Amino acid sequence: MLRIGIDLGGTKIEIASFNEDGDVLLRERVATPQGDYAATLRAVAELVAAAESRAGRGTLGIGIPGAESRSSGLIKNANSTCLIGKPLKHDLEQLLQCEVRLANDANCFALSEAIDGAGTGAQVVFGVILGTGVGGGIVIDGKVLAGANAIAGEWGHNYLPPDPLPEEGGDDGSPLRGSGVLAVPALGRPGGGNPAAELTCYCGRKGCIELYLSGPGLAADHRRVASADFSPATIVARAAAGDADCEATLQRYEARLARALAQVINILDPDVIVLGGGMSNIDRLYANVPRLWGGHVFSDQVATRLLKHRHGDSSGVRGAAWLWK
């Protein structure tokens, strides 16, 4: 049986068809209509029709940047805000005349990486999306954990623990001075604290992890501290070339990511954490973040592995297809 997966993202919609062995038979992507729900439905329908005409009919799974409310069936928590409050599953099934399975895009990413990706063979996998937004998904014994409220893994909208004050020591457990971990100027807390605490996330809360660890969050942090408007890729490149301000920005990012993931380890204790999204391509994270998270994990040692995705930006569409396994 063919399996069709769709990754409905904020900037692009990708579709792929797979056979039972996971071989890609077809892949295509188009730009997501911005802020237009009806046009988004039409774009999905056109992709499905074109895929089925070329590769044949199959089951259909769709990863979305949000979740379906268990009480109303309407979409909630979507950073593609035109989906919020809409009966997406119902509308797609009416339009396509077939059953559709929906799941959060981070859940799809985690499922793909757990089945035959970086987390293959692990009992508990936490998949992390570090991109335009920040999300997470949990897979246990090859099955997605959705949760009673359909929000399992949504760590991106937890509050990030504040950066330590200089007298409190650094993220590696040593004093900040001379440790290589930089003190962070903060709003309302001289010498440390939470520089995004006064910023409001699209979800309406303040101080969300997403405000720090998304790609836009990294760029915004650099603007606040260094007064320079660089993209994440430029910050990484300039840090590698010796730019002290960009290096400091990346060190702040790594320390915050370590504290945020330590929360996950303390609660879920996963075997593997797999990173995806654009920020996951910063190779230094995989050495530096595990070095930093130990001081925040309630254990004498941390066996959890931090790994880079195996399937890249295809993991979302692959996981959507595997919703029918």
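Values in this text are rule-based calculations from the coordinates and carry no lab data. Fair warning: this is a prediction, and the values are worked out from it, not measured in the lab. We place every Cβ from the backbone using ideal geometry, glycine too, and count neighbours over all the protein chains shown.
Specify which residue in the list 264, 111, 38 is farthest towards the positive end of the charge dipole of the chain, using unit charges on the beta carbon of Lys, Arg (+1) and Asp, Glu (-1), about the Cα centre.
So the residue furthest toward the plus end is 38.
Dipole size in debye (nearest 20) for the chain around its Cα centre, Lys and Arg Cβ +1, Asp and Glu Cβ -1?
360
Could you work out the relative contact order of region 97-164? I mean the mean sequence separation of Cα pairs under 8 Å and 6+ apart, divided by the number of residues, in percent.
Here the relative contact order equals 27 percent.
What order, most packed first, do the peptides 22-30, 306-314 have when packing is the mean number of other Cβ atoms within 10 Å of each residue?
Ranked from most to least packed, the peptides come out as 306-314, 22-30.
What length, rounded to one decimal in nm, is gained on full extension from residue 286 through to residue 98, with 0.36 nm per residue of separation minus their alpha-carbon distance?
63.5 nm is the gain from fully extending residue 286 to residue 98.
Could you check the spin-label model distance between residue 45 and residue 1? Points 7 Å from the Cα along Cα→Cβ, value in nm.
2.5
Order of 126, 18, 230, 109 from fewest to most other C-beta atoms within 10 Å?
Least to most surrounded, the residues fall as 230, 18, 126, 109.
Which of the residue pairs 12/308; 76/143; 12/76; 206/308 have a Cα-Cα distance greater than 26 Å in the structure shown?
Going by Cα-Cα distance, 206/308 fall outside the 26 Å limit.
Take each complete run of DSSP H in the chain, measure how far its Cα atoms stretch along the helix's own axis, and keep only those covering 18 Å or more with mean Kyte-Doolittle hydropathy at least 0.0; list them.
37-55, 244-268
Would you work out the relative contact order for the chain, in percent, from Cα pairs under 8 angstrom that are 6 or more residues apart?
Once divided by the residue count of the chain, the mean separation gives 20 percent.
How much of the DSSP bridge set in the chain is antiparallel, in percent, rounded to the nearest 5?
So the antiparallel bridges in the chain amount to around 60 percent.
What's the exposure ranking of 202, 253, going from fewest to most Cβ atoms within 10 Å?
Going from least to most buried by this count: 202, 253.
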